[in-house]
Amino acid sequence: NVGGAQAIEDSLKIVRNARGGKSLMFAFEGGYHGRTLGASSITSSYRYRRRYGHFGERAMFIPFPYPFRRPKGMTPDEYSDHCAWQFERLFAWGYNGGWD
């Protein structure tokens, strides 16, 4: 029976193959993709990733830009800028392991 986690596994294989074997990807904070090894590696919950060694470090997490769940007191435009900044800051340092 093919389920959601299997679909995630297949998607990861396609992306990794298309990227020449590079395994680091972006995933949204709060995302859950299943309990298979690959799906767990891009699940934001540390509880599911912590016991898998290097398999648990395959994603860089960014906030999901959902304006209805933005921090209290932040306008939709401010939240949009905040989400963009969260993504941009991943590239602010010389090396993050994602792009070689």
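Annotation: the residues T36, T75, sorted from fewest to most other C-beta atoms within 10 Å of their own C-beta, follow the order T75, T36.
Taking 22 Å as R0, compute the FRET efficiency from the Cβ-Cβ separation of Y32 and D81 and round it to 0.05.
Values: r = 27 Å, r/R0 = 1.22.
My answer for the efficiency is 0.25.
To test your reading of the geometry: what angle, between 0 and 90 degrees and rounded to tens, separates the Cα axis of helix 76-88 from the longest principal axis of the chain? Compared with the principal axis, the helix lies near 50 degrees.
Exactly which chymotrypsin sites (Phe, Trp or Tyr not before Pro) in the stretch 1-55 are in a DSSP loop and have at most 16 other Cβ atoms within 10 Å?
Working: sites: F26, F28, Y32, Y46, Y48, Y52, F55; in loops: Y32.
The qualifying sites are Y32.
Between 0 and 90 degrees, the angle of helix 4-18 with respect to the longest Cα principal axis of the chain falls at about 90 degrees. Can you tell which of A39, A18, A84 shows the greatest fluctuation in a Gaussian network model of the chain with Cα springs below 10 Å? The residue with the greatest mean-square fluctuation here is A18. Neighbour counting of Cβ atoms within 10 Å sorts the residues K22, K13, fewest neighbours leading, into K13, K22.
Any idea what % of Cα-Cα pairs in the chain are farther than 15 Å?
On the way: 3296 of 4950 pairs.
Value for the chain: 67 percent of Cα pairs lie more than 15 Å apart.
Read the figures in this text as sums done on the coordinates, not as results from a lab. Quick caveat, the model's predicted, so the values are computed rather than measured. No Cβ is skipped: glycine too gets one built from the backbone with ideal geometry, and neighbour counts run over all protein chains shown.
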